[in-house]
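My structure is below; once you've seen it, I'll send some questions.
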Amino acid sequence: MRTTLAIANGCIKDSADFNWIHQNNHTFTASLSELAKARYTFTILRCPFSRLLSVYLDKIVNRNNPAWGYVDLHRRTIDIEDVTFEFFVKSMSSDRIKNADQIIPKKALQALAA
């Protein structure tokens, strides 16, 4: 959706410029004041299952920095190379993962969810 909006508004030429969106997330964020004055607003929610897969592929499989925070949440008892999608999904229900914001910095959690 953001790609479509960016193309329609001339921010990018086509979907090949996809990375522009991640580098300019602030462009698509309204302030509370702007939201209050808007004639209409809308929210797009992603399918939670595709979101889980996206996080797994982007952060765990690609070994981005948040992956190491995930390993730390498991007290380094796991090897990042052994984290299967099934293990990742099942781990989301553990108290340690659900309460991760109390264990690792919020910025790291935001990066994991981004």
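Subtracting the Cα-Cα distance from 0.36 nm times the residue separation, let me have the gained length for ALA8 to HIS22 in nm, one decimal.
Gain on extension, ALA8 to HIS22, equals 3.3 nm.
Arrange the following residues from fewest to most other Cβ atoms within 10 Å of their Cβ: PHE18, PHE88.
Listed from fewest to most nearby Cβ atoms, that is PHE18, PHE88.
I've got another one for you. Can you work out ³J(HN,Hα) from phi for every residue in the range 37-42, in order, using Karplus 6.51 cos²θ - 1.76 cosθ + 1.60 and θ = phi - 60°, giving whole Hz and x for Gly and Pro?
8, 5, 5, 8, 9, 8
Measuring from label point to label point, each 7 Å out along Cα→Cβ, what is the GLU34 to LYS90 span in nm?
4.4
Read the figures in this text as sums done on the coordinates, not as results from a lab. Please read these numbers as outputs of a predicted model, since none were measured by experiment. Ideal geometry is used to build each Cβ from the backbone, glycine not excepted, and the neighbour counts take in all protein chains shown.
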